[in-house]
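Here the structure comes first, spelled out in structure tokens, and everything after it is commentary.
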Amino acid sequence: MAANSPLVSIFKPNVNLNLVAQTTLAIVRVTVGIMMVHNGFDKLADIESFANAYVAYLGLPFPIFLSYIAAYTELIGAPLVAFGLLTRPAALGLFGTMCVAMYHHIKVAGLSLPYLELSAIYASIFLFFTINGAGLFSIDALITQWLNASALSSKAKQIMKLEKSLEASVTEAKV
């Protein structure tokens, strides 16, 4: 498959070839993905109440339907981000739900930072993953490698395989 294939570009992460940066990116991705799941469960716990209090309040059509869309985006998208699978589309959906949440917070409380804070933080993180992808420690990176063996540099492949990377550094240190 060609290196510039649209399918490869969906999965291929922007690559910073720094082990610490990739590890931190993976930790943030997993943490945010895990933390976001409960929002979907909260919506489903009382979907009609959520639809009336949030979606209908904004004047959006089909509040129950859109509430289910938001809940399942969070229930499915958040674990996908955590695992680093289809990260860009999942993060885009989550970014959209957080933009609607921010709009709701602004409409209810104005630019009250305490009220707006969490949804703005989530939105910025999901925007980051929409643009940059999941990083090297992700299923997306493995899929990229599988789709096109030349899509990732040899250094990126080495970082993905920590054992080989550590062995190589030990060998280089002895020489």
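The values are calculated or read from the model by the stated rules, or taken from the named source; none is laboratory data. Note that this is a predicted model, so its numbers are computed, not measured. When we count neighbours, we look across all protein chains shown, and the Cβ atoms used for this are built from the backbone with ideal geometry, even at glycine.
Yes/no per residue for (1) touching a Pro at 6+ places or on another chain (Cβ under 7 Å); (2) hydrophobic (A, V, I, L, M, F, W, C); (3) under 20 Å from Gln145 (Cβ atoms):
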{"residue": "Val8", "(1), (2), (3)": "no, yes, yes"}
{"residue": "Val32", "(1), (2), (3)": "no, yes, no"}
{"residue": "Ala51", "(1), (2), (3)": "yes, yes, no"}
{"residue": "Gly59", "(1), (2), (3)": "no, no, no"}
{"residue": "Ala70", "(1), (2), (3)": "no, yes, no"}
Could you tell me whether any residue of the range 117-138 is in contact with a Pro (Cβ under 9 Å, 6 or more places away or on another chain), more than 24 Å from Ala45 (Cβ to Cβ) and modelled with pLDDT under 85? no
Where residues in the range 1-60 are within 15 Å of the chain's Cα centre (by Cα) and of a type in the set (Lys, Arg), which of them is nearest to Met160 (Cα to Cα)? Lys12
Looking only at the range 113-142, filter to residues that are surrounded by fewer than 19 Cβ atoms within 10 Å (Cβ to Cβ) and touching a residue at least 40 places away in the same chain (Cβ under 8 Å); which one of those is nearest to Thr24 (Cα to Cα)? Asn132
Qualifying positions in the range 71-112 - in contact with a helix residue (DSSP H, G or I) (Cβ under 8 Å, 6 or more places away or on another chain), among the aliphatic types (A, V, I, L, M) and farther than 29 Å from Thr24 by Cβ: Ala71, Ile106, Val108, Ala109
Taking the criterion of being surrounded by 22 or more Cβ atoms within 10 Å (Cβ to Cβ) and either without any contact (Cβ under 8 Å) to a residue 60 or more places away in the chain or among the small types (Gly, Ala, Ser) (or both), would at least one residue in the range 101-110 satisfy it? no
Among (1) within 30 Å of Gln145 (Cβ to Cβ); (2) free of Cβ contacts under 8 Å to residues at least 24 places away in the same chain; (3) surrounded by fewer than 16 Cβ atoms within 10 Å (Cβ to Cβ), there is one condition Pro89 misses while meeting the rest; what is its number? (2)
